[in-house]
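The values are calculated or read from the model by the stated rules, or taken from the named source; none is laboratory data. Only a predicted model underlies this, so the values are computations on that prediction, with no experimental measurement involved. Note that we place each Cβ from the backbone using ideal geometry, even for glycine, and neighbour counts take in every protein chain shown. Only protein heavy atoms, including side chains, enter the accessible area calculation; ligands, DNA and RNA are left aside. Shrake-Rupley method; radii C 1.70, N 1.55, O 1.52, S 1.80 Å.
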Amino acid sequence: MARRGPARRAPERGKHRLFWACLAAPGILWLALLFIVPFYVVLSIAAGRLNQLFGTPIAVYNPLSWSTSNLAVAWRDIAGPTAYVGPILLRTVIYTAAAAALSLLIGYPVAYFVARFAGKRRGLMLVLLIAPFWISYMMRMLAWVDLLQTNGYVNSVLTFLHLASHPVNWLSGQPVTVVLGLVYGYIPYVILVLYAGLDRIDPALLEAGRDLGLSRARTFLRVTLPLSRQPIMTAMLITVLPMLGDYFTNQLLSGATNTSMIGNVIDQELSTPLFQGEGAVFSVFLLLILVVPMVYYVASTNRTGREAV
C-alpha cells in the first residue's frame, strides 16, 4: 500500500497544476496582448524603414528584413561627436537616483512609525497614505504648479520668513523642482511597500535583540534594517522604473531643455515626423536599461526565498 501512495498523488498533482495554469491563463493572455505584442510593434518600427514621402515610419515585422539605420542614428545621438541624448540620459539617472534616495529617506521613517507606533490609528494612517492615489497624477502635479508660481504660497512663505529676498521662479528649469516633483509623485508607493514589509517583521525578533542588551538604535541597525532589505529593494524598484521613463513631471514643472529627461526625448521624437523610428529605438534602449534592475531583483528575491527555506 505504501508504494501506491505516490502513484495516487501524481494525478492529483497534475490536476492542481492544470488548475493553477487555468487561473494564470487570463493574466498571461492579458500580458501578451498588452505588453508583448505592443513591444514587438515598437521593435518593428525601430528596425523598420521610413516613408520618405510622408515622413512616417514603416513597421517591418519580419526580423530577416530588419534594418539598423534607426539604431545607427540613435547611437550617434547618444555617443557620437554631436551627441545630445547622452547628457540627457545621464541627467535622467542623476535625477532618478536623487529622487529615489530622497523618497527612501522620507518614506522609511513614515512607514516605520505606522508599522510600529501607530497602534489603533494604523487604519487612519493607511487611509491618509492611500488618499493621494484617489487623485490623478496630473491633478497633483497641477496643484504643485499652483503652489510654485511666482506669486504662489511657497514664495509667500519663503519671503515672509525672510528665507528668500525675492520670489523664486521655481517653474523656469530648476532641477530641484523636478526632483521634488518626482518624489511627491512616487513616494506613496515607497511608503506602502515599506509599511507592508516592516509590518511583517516578527516583534519577537526585536524583543530578542533588546533582551541581548542591544540599544534601540543597535536593534534597528542589527535587526530591523537587515530584515527590511527586501522591502527596500521592492520599493526602489517600483519607484525607479517609472521615474526613469517619466516625462510628464518635468514637462509640467519645468519645460526647459536644461532639465529634459529621456522620457521627454522619447515623447518629442515620437511626436515629430521623420523621427518616430529613432524614438522607437530610444524606447527599446530604455526598456533594456530597466531590465537590468528587474533581473537583479528577481534573482535576489529567489535567493532570499531559498535561504528562508
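Overall shape: prolate for segment 200-256, with the ratio a/c of the largest to smallest alpha carbon gyration tensor axis at 1.5 or above and a/b above b/c. Note on the chain: with charges restricted to the Cβ of Lys and Arg (+1) and Asp and Glu (-1), its dipole about the Cα centre is near 1740 debye. Once you reduce segment 240-295 and segment 19-84 to the center of their Cα atoms, the two points are 15 Å from each other. Magnitude of the charge dipole for segment 197-237, about its Cα centre and with charges confined to Cβ atoms of Lys, Arg (+1) and Asp, Glu (-1), is about 180 debye.
Here the contact order of segment 161-281, divided by its residue count and restricted to Cα pairs under 8 Å and six or more residues apart, works out to 33 percent. Averaging the sequence gap over all C-alpha pairs within less than 8 Å and six or more residues apart, then dividing by the number of residues, gives the chain a relative contact order of 23 percent. Where the alpha-carbon atoms of segment 156-279 are placed on the principal axes, they occupy 66, 48, 17 Å, in descending order. Taking a ≥ b ≥ c as the square roots of the eigenvalues of the Cα gyration tensor, the chain is oblate, since a/c reaches 1.5 or more and a/b is not larger than b/c.
Only helices at least 18 Å long along their axis, Cα-based, and averaging 1.6 or more on Kyte-Doolittle count here, so list those DSSP H runs from the chain. Span-like helices, by this rule, are 175-199.
As a test of the formula, what do you get for the chain when each DSSP H run with n ≥ 4 contributes -39,500 (n - 2.57) and the sum is divided by the residue count, at 222 nm and rounded to the nearest 500 deg cm²/dmol?
On the way: 14 runs with 214 residues, N = 309.
It lands at -23000 deg cm²/dmol.
F19 to L31: extension gain in nm, 0.36 nm per residue of separation minus the Cα-Cα distance? It would help to have the intermediate numbers written out before the result.
On the way: separation 12, 0.36 × 12 = 4.32 nm, distance 1.92 nm.
Length difference between fully extended and current span is 2.4 nm.
Ignoring any ligand, DNA or RNA, what whole percent of the accessible area of the chain comes from carbon and sulfur when the probe is 1.4 angstrom?
Numbers: 13190 of 19000 Å².
Within the chain, the accessible surface is 69 percent carbon and sulfur.
Evaluate E = 1/(1 + (r/R0)^6) for W134 and Y296, where r is the Cβ-Cβ distance and R0 equals 25 Å; express this FRET efficiency to the nearest 0.05.
Details: r = 33 Å, r/R0 = 1.31.
Computed FRET efficiency for W134 and Y296: 0.15.
Residues whose amide H comes within less than 5 Å of that of L50, counting only those at least five positions distant or on another chain, are I58 (H built at 1.01 Å from N in the peptide plane). Farthest toward the positive end of the dipole of the chain, out of M139, A204, A101, is the Cα of A204, where the dipole comes from beta carbon charges about the Cα centre.
Name the longest site-free stretch of the chain, where the excluded sites are trypsin sites (Lys or Arg not before Pro) in a DSSP loop with no more than 15 other beta-carbon atoms within 10 Å. Working shown, then result.
Numbers: sites that count: R3, R200.
Longest run free of exposed loop sites: 4-199.
Over the chain, accessible surface divided per residue gives 61 Å², non-protein components excluded, 1.4 Å probe.
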